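Read the structure below first, then the notes.
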Amino acid sequence: MEKPLSIAAIKELLTTISDSTDERLLAIRNDSRKGAASAYKAWENKLKKQQSILDKQAEMLQIERYFWEQGTQYIAGIDEVGRGPLAGPVVAAAVVLPKDFDVLGINDSKQLSSAKREVLFEQIQEAALAIGIGVKDHHIIDNVNIYEATKLAMIEAIQQLPIQPEQLLIDAMHLPVSIPQESFIKGDAKSLSIAAASIIAKVTRDRMMADYDDLYPGYGFAKNAGYGTKVHLEGLERQGACQIHRKTFAPVKNVLK
């Protein structure tokens, strides 16, 4: 009778199998040892997780695929980060993905950890056909209001693209541009291009706010990105407003009074 594989060997073998119909799985399924059953269960869960990621990717590419099938080649997803903070700029990104884009795990940037966003940021940078960034600082936000500043940042992001998009997919905004556009509520959860743009914008702005934390310590910008956390509000009360605070936003305005 053939000696069964060791548990370590079974775990090693399972790393080479990605198909649930693989005949080598039969012996592992029939193995009565707890270690074998545990290894198989872990492999099965990993396979389900991977399939779930692939299904999510396919679901989030439905909008892009519709336009690709109509003959539209360059589709730009657009999103912004930084409408709510009390300090710093609003940052927008425009991202054009290729049809064979295969970076997995992309989702609304708010649903991802900082470490995961950093990894995806680099992968998107490498795989995207084009990326544009738009930044509007606290001066512009105070002058025209945050809503209009967001539009300006998005328009700048489109203008910074090295290729001209034929279709825009925008997260909850309509822009005064001549390029055909579609707006989606919670677009970063529905379109892969918009989700990719949300990651690019988020990481870009977080890095900027970390740099500002060095220039203006005491507000916790590196951790709160300018949002009104307890640490930030305490710093605002203790030190007053700094150069990058939005002076038209209520907590800052109150301190200035």
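The values are calculated or read from the model by the stated rules, or taken from the named source; none is laboratory data. Keep in mind that this is a model prediction, so the values were computed, not measured. Counting neighbours? That spans all protein chains shown, and the Cβs are built from the backbone with ideal geometry, glycine included.
Scan the stretch 8-23 for residues that are surrounded by 12 or more Cβ atoms within 10 Å (Cβ to Cβ) and either touching a residue at least 12 places away in the same chain (Cβ under 8 Å) or not acidic (Asp, Glu) (or both) and jot them down. Step through it out loud before you land on a result.
Of the stretch 8-23, the ones surrounded by 12 or more Cβ atoms within 10 Å (Cβ to Cβ) are 10-14, 17, 22.
Of everything in the stretch 8-23, those that are surrounded by 12 or more Cβ atoms within 10 Å (Cβ to Cβ) and either touching a residue at least 12 places away in the same chain (Cβ under 8 Å) or not acidic (Asp, Glu) (or both) turn out to be Ile10, Lys11, Leu13, Leu14, Ile17.
Can you tell me how many residues in the stretch 158-188 are hydrophobic (A, V, I, L, M, F, W, C) and under 19 Å from Gln123 (Cα atoms)?
1
Filter the stretch 29-41 down to residues that are within 39 Å of the chain's Cα centre (by Cα) and either over 20 Å from Ser52 (Cβ atoms) or β-branched (Val, Ile, Thr) (or both), then give me how many there are. So that I can check it myself, show each step before the final result.
So the first thing to find is which residues in the stretch 29-41 are within 39 Å of the chain's Cα centre (by Cα), and the list is 29, 35-41.
From what's left, either over 20 Å from Ser52 (Cβ atoms) or β-branched (Val, Ile, Thr) (or both): 29, 35-39.
Number satisfying all stated conditions: 6.
Do the conditions hold for Asn45, that is, is it surrounded by fewer than 13 Cβ atoms within 10 Å (Cβ to Cβ) and either among the β-branched types (Val, Ile, Thr) or closer than 28 Å to Leu104 by Cβ (or both)? Give the steps one after another, and end with the answer.
Values: surrounded by fewer than 13 Cβ atoms within 10 Å (Cβ to Cβ): yes; either among the β-branched types (Val, Ile, Thr) or closer than 28 Å to Leu104 by Cβ (or both): yes.
Considered against the rule, which asks whether it is surrounded by fewer than 13 Cβ atoms within 10 Å (Cβ to Cβ) and either among the β-branched types (Val, Ile, Thr) or closer than 28 Å to Leu104 by Cβ (or both), Asn45 comes out as yes.
Would the stretch 240-253 turn up any residue that is under 25 Å from Ser113 (Cβ atoms), at pLDDT 95 or above and buried (at least 21 other Cβ atoms within 10 Å of the Cβ)?
Among the residues of the stretch 240-253, not one is under 25 Å from Ser113 (Cβ atoms), at pLDDT 95 or above and buried (at least 21 other Cβ atoms within 10 Å of the Cβ), which makes the answer no.
If a residue has to be touching a residue at least 24 places away in the same chain (Cβ under 8 Å) and either outside the structural domain of Ala149 (by TED's automatic domain parsing) or crowded, with 17+ Cβ neighbours inside 10 Å (or both) to count, how many in the stretch 176-188 make the cut?
3
Could you please find all residues in the stretch 87-100 being closer than 18 Å to Leu61 by Cα and out of contact with any Asp or Glu (no Cβ under 9 Å at 6 or more places or on another chain)?
Answer for the stretch 87-100, where residues must be closer than 18 Å to Leu61 by Cα and out of contact with any Asp or Glu (no Cβ under 9 Å at 6 or more places or on another chain): Val96, Pro98, Asp100.
How about the stretch 201-217: which of its residues are closer than 13 Å to Gly82 by Cβ and either not acidic (Asp, Glu) or not in a helix (DSSP H, G or I) (or both)?
The answer is Ala201, Lys202, Val203, Thr204, Arg205, Arg207, Met208, Met209, Tyr212.
Collect the residues in the stretch 183-221 that are over 28 Å from Ala58 (Cβ atoms) and touching a Phe, Trp or Tyr at 6+ places or on another chain (Cβ under 8 Å), keeping them in residue-number order. Give the steps one after another, and end with the answer.
Narrowing the stretch 183-221 to residues over 28 Å from Ala58 (Cβ atoms): 205-221.
Within the stretch 183-221, Met209, Ala210, Tyr212, Asp213, Phe221 meet the criteria.
What is the one condition in (1) surrounded by fewer than 14 Cβ atoms within 10 Å (Cβ to Cβ); (2) assigned to a loop (DSSP other than H, G, I, E, B); (3) free of Cβ contacts under 8 Å to residues at least 40 places away in the same chain that Pro4 does not satisfy?
(1) is the only condition that Pro4 fails.
If a residue has to be free of Cβ contacts under 8 Å to residues at least 24 places away in the same chain and either more than 16 Å from the chain's Cα centre (by Cα) or under 16 Å from Asp108 (Cβ atoms) (or both) to count, how many in the stretch 197-214 make the cut?
So the answer is 4.
Yes or no: the stretch 66-89 includes at least one residue that is in contact with a helix residue (DSSP H, G or I) (Cβ under 6 Å, 6 or more places away or on another chain) and farther than 19 Å from Gly187 by Cβ.
Quick first cut of the stretch 66-89, residues in contact with a helix residue (DSSP H, G or I) (Cβ under 6 Å, 6 or more places away or on another chain) only: 75, 77-83, 86, 88.
Those left that are additionally farther than 19 Å from Gly187 by Cβ: 86, 88.
Checked the stretch 66-89: at least one residue is in contact with a helix residue (DSSP H, G or I) (Cβ under 6 Å, 6 or more places away or on another chain) and farther than 19 Å from Gly187 by Cβ.
Listed here are the residues, each with its yes/no results for (1) touching a strand residue (DSSP E or B) at 6+ places or on another chain (Cβ under 7 Å); (2) closer than 29 Å to Cys242 by Cβ.
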residue	(1), (2)
Leu104	no, no
Asp108	no, no
Glu118	no, yes
Leu129	yes, no
Ala157	yes, yes
Gln164	no, no
Gln167	yes, no
His174	yes, no
Glu182	yes, no
